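Comments concern the structure below.
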Ligand SMILES: Cc1ncc(C[n+]2csc(CCOP(=O)(O)OP(=O)(O)O)c2C)c(N)n1
Ligand SMILES: [Mg+2]
C-alpha cells in the first residue's frame, strides 16, 4: 500500500501513545493508584490503529473490556482516560466506570463491556437503529476469540445478516481467552469461518500490520456502508502481557511470547518498514517518541492531581432522577 508520510507518522504516533499509556497504567496499578480489573492491549495496537483509520465520525463503536487502545485510537482525551482508570471525578465517566467502561458519546464510543459477548447484541441493535434512521453510519463491534463461543455472538450475527445491518464484527484473535487456548474452547479455530453459518463474509488479516488492517477494514466498512450487510474480520494478533494484572501466565511458554515480541511487535515492525521505505526519518521518530512520553506524563499528572468523586454523589447515575430531583 502507498502510505503518505503524514498518515504514517500519525499511525506510528498513535500506536506508540497506546503502548506508553498502558506501560504507565501498569506502573500506576502496581503502585496501587489504579484498582479493579485492568486488561492491557500491549501487542495488539496495530488492530486498533488500522481499524479506526477506516472509520468516519458518523460511525459507532462498541467494544469489550480490553479497550484502552480502542478509546485512544478513536481520539478519546487521554487525560480523561487515565483519570478514569484512577477512579477520579475528571475521568471520562466521572470515575464510575474504570478501565473496562470507557465511554464518549460525542465520539459514538459506547464502551467498554465486561460481560464477554454481551455487547454484540447491542452492536446489532445500534446497527438496526442506524438502518431505520436511513443514515450512512456503520457500527464497529470489537470482541475477542473467546466471545465467539458465547450464544450472543450467534444470535447477533444471525439477526444482523437477516436484516442486512451495517455492522462490522471485528474479532481480535489473540489466541487465548484468559488462560484457554482457542483450540481448547472452540471447535472451529478460524473464527472467520463461523460467519459462514450466517451467510456473512468472513476474512482474516495480519493484526500486527496496521496497513493490512486498514485495507481489510476499508473493504469491510465500504461493504457495510453500501447496505450490503454485515462482515466479520478476524485480526490475528497476540497480547504480550497477561490477561489482566497479576496473571501468572502458566498457559503459554516464555518462548512463545518472546517469539511474538521479537518478530511480531507491531510498533517495531511498522517503524522498520517506514525506515526501509524512507517514509519517516529517524529524527521524526525521535521527535514523536519524546512528544508521546510527555503527553503520557502529563496524563498521569492530571490523574494524580484530580479529585475523587465527592461522597455525596455516590447515588447519582443509578436511576434516572425523578421529577422531585431525588434519585
Ligand atoms: C459471560 C462471561 N463469562 C466469563 C467471563 C470471565 N472472562 C473475562 S475475560 C474472559 C476471556 C475472554 O477472552 P476473549 O474473548 O478471547 O478476549 P481477550 O481477553 O483475549 O481479549 C473471560 C472468560 C466474563 N467476563 N463474562
Ligand atoms: Mg482472546
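Quick test for you: out of 101, 70, pick the one residue that is in contact with a strand residue (DSSP E or B) (Cβ under 8 Å, 6 or more places away or on another chain) and in a helix (DSSP H, G or I).
Details: 101 fails: in a helix (DSSP H, G or I).
None of the other options fit; the residue is 70.
For region 166-180, taking the residues that are within 16 Å of ligand 1 (Cβ to nearest atom) and within 14 Å of the chain's Cα centre (by Cα), the one that is nearest to residue 52 (Cα to Cα) is identified as 170.
On inspection, residue 125 qualifies as surrounded by fewer than 19 Cβ atoms within 10 Å (Cβ to Cβ), under 27 Å from residue 37 (Cβ atoms) and without any contact (Cβ under 8 Å) to a residue 24 or more places away in the chain. Quick check on region 148-160: of everything there that is near ligand 1 (Cβ under 9 Å from one of its atoms) and in contact with a helix residue (DSSP H, G or I) (Cβ under 6 Å, 6 or more places away or on another chain), which residue is farthest from residue 112 (Cα to Cα)? The residue in question is 149.
When residue 163 is tested against the conditions (1) within 16 Å of ligand 1 (Cβ to nearest atom); (2) touching a helix residue (DSSP H, G or I) at 6+ places or on another chain (Cβ under 7 Å), the lone failure is (1). Of all residues in region 158-190, those satisfying the criterion of being within 18 Å of residue 125 (Cα to Cα) and part of a helix (DSSP H, G or I) are 158, 159, 160, 161, 162. The residue that is nearest to ligand 2 (Cβ to nearest atom), counting only those in region 171-190 that are in contact with a helix residue (DSSP H, G or I) (Cβ under 8 Å, 6 or more places away or on another chain) and free of Cβ contacts under 8 Å to residues at least 12 places away in the same chain, is 189. Could you run through region 191-215 and say how many residues are without any contact (Cβ under 8 Å) to a residue 40 or more places away in the chain, surrounded by 17 or more Cβ atoms within 10 Å (Cβ to Cβ) and assigned to a helix (DSSP H, G or I)? Within region 191-215, residues that are without any contact (Cβ under 8 Å) to a residue 40 or more places away in the chain, surrounded by 17 or more Cβ atoms within 10 Å (Cβ to Cβ) and assigned to a helix (DSSP H, G or I) number 1. Of the residues making up region 65-117, those that are within 16 Å of ligand 1 (Cβ to nearest atom) and on the phi > 0 side of the Ramachandran plot are 98, 111, 112, 117.
Look at residue 125 and say whether it is closer than 21 Å to residue 232 by Cα and not in a strand (DSSP E or B). Taking the combined requirement at face value, the residue satisfies it.
Taken together, the values in this text are just the output of simple stated rules run on the coordinates, not laboratory data. If you're wondering where the values come from, they're calculated on a predicted model, not measured in any experiment. Every residue, glycine as well, gets a Cβ built from its backbone with ideal geometry; the counts of neighbours run over all protein chains shown.
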